[in-house]
Every structure is written in C-alpha cells, then in structure tokens.
1. Pairwise over distinct Cα atoms, reciprocal of the mean inverse distance: report the Kirkwood radius of the range 322-512 in Å, one decimal place.
2. Among ASP458, ASP368, ASP214, which comes first, second and so on when ranked by fewest other beta-carbon atoms within 10 Å?
3. Can you list the HN-Hα couplings for the range 278-288, worked out from phi with the Karplus curve (6.51, -1.76, 1.60; θ = phi - 60°), rounded to whole Hz and with x for Gly and Pro?
4. ILE243's amide H: which non-local residues (gap 5+, or another chain) put their own amide H closer than 5 Å, with H modeled 1.01 Å from N in plane and none for Pro or chain starts?
5. Which of TYR467, TYR244, TYR311, TYR496 has the fewest other C-beta atoms within 10 Å, and how do the rest follow up to the most?
6. Order of ARG47, ARG258, ARG224, ARG268 from fewest to most other C-beta atoms within 10 Å?
7. Using θ = phi - 60° and the Karplus curve 6.51 cos²θ - 1.76 cosθ + 1.60, what whole-Hz ³J(HN,Hα) does each residue of the range 377-384 get, with Gly and Pro shown as x?
8. So how long is each side of the range 233-350 along the principal axes, counting just the alpha-carbon atoms, biggest first, in Å?
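Taken together, the values in this text are just the output of simple stated rules run on the coordinates, not laboratory data. The shown structure was predicted, so the numbers you read here are calculated from the model rather than taken from an experiment. No Cβ is skipped: glycine too gets one built from the backbone with ideal geometry, and neighbour counts run over all protein chains shown.
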Amino acid sequence: MKKQLINSKKRFRDFLEASWEEQILWWIKDNEMKTEKDISMEFKDRRFLEDIFNDWSPIQTCRKASQIGFSTLEIIKSFFAARNKGWNIIYTLPTFGDVMQFVSSKVNPIIANNSQLSNWVKEKDTTFLKQIDKRFVYYRGTFSKKTQKEKMQSGVGIMLTSDLNIHDESDRSDQTIIEQYESRLEASQYGGKWYFSNPTVPGTLTQKLWDKSDQKHWFIKCPRCGKLQWLDYYKNVCKEKGIYICQKCKKEITDDTRRNGFWVRKYRDKEISGYWISHMMAPWISASKLIESEKNSTKQYFYNFNLGLPYIGSDVTVDAELILKNVVYGEPNFKVNNVIGVDTGLRMHYTLGNKQGIFKVGVTTDWDEIEFLMKKYEALAVFDGLGDLTKPRKLRDKYRGRVWLTYFKRDKDQPDAVKWDPDKMAVYVDRTKIIQRVIDEFVDSNMKFYVEPEELLDYIDHWKTLYQIEETDTIGVTRKVWETSGENHHIFSTIYFYLGLLKAGRAKVMNWSRPAEDLAHDPTAFNIQEMIEKNQFQNSKDWRK
Ligand SMILES: [Zn+2]
C-alpha cells in the first residue's frame, strides 16, 4: 500500500515515519489531489481541516458553517478508507434528490479530476454505488414517505452491511432513519459513525453528540499579548472597525493569526471526537463580511450558516440544552452588584447572581431566608407585584431603594421599554417581551449558570413549560405571546433577577465585559495560561485539568 501511495522516493522515509492516520495527508499532497472544481487541494487556508483528515475516531461529530470544504474532505476520506482499510461505507444525505445532485456535482467530478481515484473506481460506478476494489461506498437519502411506524418496521429496507456511516447534513436528515443505519454497523469491528451538518436547533443527533464529545475549539494565540483564546464572534469582532480583535488586548487579529490556529479539546475524557467550525476560522472570510451577514440575515441563518451553531428561535420551546449550554464550572465573583429575583407565594422561588451569571437557584417557605440572602449578598431584590404583598412591602420599607415590585403591562408604543417608578419602587414591563429577552440571553450565551446541572433540574422543568400562542388584541393586531403549561416560578424568578440586573448594573448584559480579575473564574474563557499557572480547576468535567 505504501508504495502505491507515494510517488516520490525521497519522501518515502518521512512517510514511513508517519502514522497510518497521517498518511492520508501525504497521499493527498503527493498526488496533488484536486477538488470537485479541479483546483488543487490546499491546506494553507484550511489548516483546520488537517487534523480532521487525520482523525479516524469511530464516532465523530462536526457542527459547521457553510462552504468550508467539509463534504470534499469526507468524500476523499471515504475513498481512502474503502481502499486502504477495506471498509464498506454508507454515505447519507437528507433526500434521494440531494444524493443525485451531490454525486453528480461533487463525487463524480472529484473522481474524474483525480486519476488515483478513477483508477480505483472502475468496476461499478453509478449514482448510488461506487466500487473500490472489493468494497463499496453506498449513497443514500434518509427521507421517505413512510410513516414513523412504517419506518421503524422497515429498517429502511437496508440489507447493506457497513463499517462506517457518514451522515452529511445530518441535522437536516430524518433522525429516525439515521439512527436505523446504526444497525448496519453491528458486524463491523470499527463501526464508525461520522455526523456533520450545518446545525439547525439544539437537540438533534449531531448536537447531542457534540454535547457528549470532547468539543474541540479552534484556538488562536494573540501575537501581541500572547493570550490564547478560541474565536468567539461576540468577543473577537469589533463591529465599529469591522475587524477581528484580541479578546484581551483588543488589538487587531490578522488573517494569518486566524489561519494558524489549533484545535483544543474542551474535555479530555470523551470518546466522541467533536469539532465546531465557524466562519471565523476561515481566513478568507473577513470580519466585515460576518457583520454584514449578521445585519442582513435572520438570526437563525447567521447562527446556523456563519457561526456553525444551532439556534432556538422564539417559535421554538425552551429545552434543557439551552440552559445547560450556559453552565460554567468555576466560581463567580460574589462581590459585584448582586441581585435576587423572587417569585413569591407560599413557596418562594428565587434566582440569585450578578452580571457574570446566576450562582444560586432555590425555593423556600421562609421569608427570613430571602432576607438573609439579601443581606449576605448585599443584593438588590426584585419581587412580583401580585398576591400577598405584606412581606415584600415590609422589606421594601426596611431596605430603602433596594426592593422593587414588578408589574406586567403591555405597552403598545414602546413594547421593549422597562419603566421604573422610584416613587412606588415599581417596575413595569411587557411580559412576553421580557421573557423573549431572557431567552435571547440564553441563546447568545450571555446568561451563565455557576450552578451544577444536577441542581438545575427543577429550574429547567419550569422553563420547559413555556410555549407560544398567537393572540389578537382588540385593535386586531396579532402577536405571539409566551404562555406556560405548568409550574413556572423559576421562569419568573429569572425574569425578576434579569430586571434587577438592568437596574443594578451599569450596562446591558450583552455589552458587559468581565473585569480582568474575574477572568480566572470564567471557564468559558478557556484561560489556559492562568489555569496552568494556578492549576485551580479541579472539576473532572473541565478539560483544563
Ligand atoms: Zn492580545
């Protein structure tokens, strides 16, 4: 095999020293392989693909932005593996129509443009099947007109056996059918499953796998200050200047710096290999291009196709993923502008935190506990203005200027407005708008939780009761309104907490940046240097351990 792969003898020794996994890149480079567009494959701008070419982990998942060369990578890898590992491979796309287009516009041109491959694929070469030696790559769609029940029974009528299933555009494929393809792997020692897709919403197979994966992020090192950081649109793009900047020193980040990044696993003890590819690591895509896309396209589009992230819009319900993705491991700074939001009643549900995030959620029947928390954390308190107001009013009078009562009121003229009345210590706000705003903060990862996931189970259940209905008002205007279908107290304790943040803080949550001294506590900052120096993160879930 090795002799077949290498044309140039002088590189033979280097090649021998390369591991099997690394040989695919040698093979591509030595054969000057071409893409479907008959352009030589290059890795200068696509350095982030090199490690993925070399990655032969059985279970892989990649959430990715559009047009970054990933399908080409999978096509090449599938042929390489069929030939050199002797694998049968099933390659799926959402529909059979997609398969026909994909094979004619991508697979066939790649075979035609590379004599290596066209020599391999001789015996059988159809749209749905390519034969390589004694092995096959099968191309299949996932959607059919069958009912869910028929699908379960049919097993998609697949008699094929496979060593590797590659699921292209997996988020847009029939999730039941994809799962059924797993049964085709049972006889295989390798039993590989590779998922990749432009994401849609959280909770698809691909995104669930990502959550369980080692979650590789693309890191860069700032040439000026040396700060290691993963590229984050909301931290690395300066919208005023239209450039990429360093999160720490705010100096410009060049295309070369973005190009010369490297993958860092977030978690070390995971079997699933996960990649997240955004347009920020594509050196040919400028910051201004991304800013333009954010302005001109829907949030769903921007997240899915530019940032390579799933997005949950206002027409979707809130699920556990949305909350759990915001959980960070570490300790917040308890000393700055704390706020407690309390949904009152026989049992008081509270949410406590500050602009770094929420660090306590709980429930109590004892008003003294609420007062104790207010005192301990010097917290501003926001309560609801409904029901028995005896105790809230008492606290309001005792802690002057620190206790606010919330009233929901629809403001047709200024629906986004939050109105504060310091005479009555009352705050007026549109219920649906403020719920949406908090959900958006979750979506944008601006609302963090410094709380163990196990302690968030009830909290999440409350959020899950949210759903939307269309409501037409007296003047005939229709709008979407959030409703809840069960215990919702933690939704509202969070709303009151969020209102408190708007009052206590000096800026909006979204524009707020952490004080430097807090950064060491922020695992989302992937603060490698400080972590190595202080070795302070002991949590086994934390990759920096
Ligand atoms: Zn810097």
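1. Evaluated over the range 322-512, this radius sits at 16.9 Å.
2. ASP368, ASP458, ASP214
3. 10, 5, 5, 9, 9, x, 7, 10, 7, 4, 5
4. Excluding prolines and chain starts, which carry no amide H, the hits are CYS238.
5. Listed from fewest to most nearby Cβ atoms, that is TYR467, TYR311, TYR244, TYR496.
6. Working: ARG47 18, ARG258 23, ARG224 14, ARG268 11.
With the sparsest Cβ surroundings first, the list reads ARG268, ARG224, ARG47, ARG258.
7. Working through the residues one at a time gives 9, 6, 8, 6, 10, 10, 10, 7 Hz.
8. Taking the Cα atoms of the range 233-350, the three principal extents are 59, 36, 35 Å.
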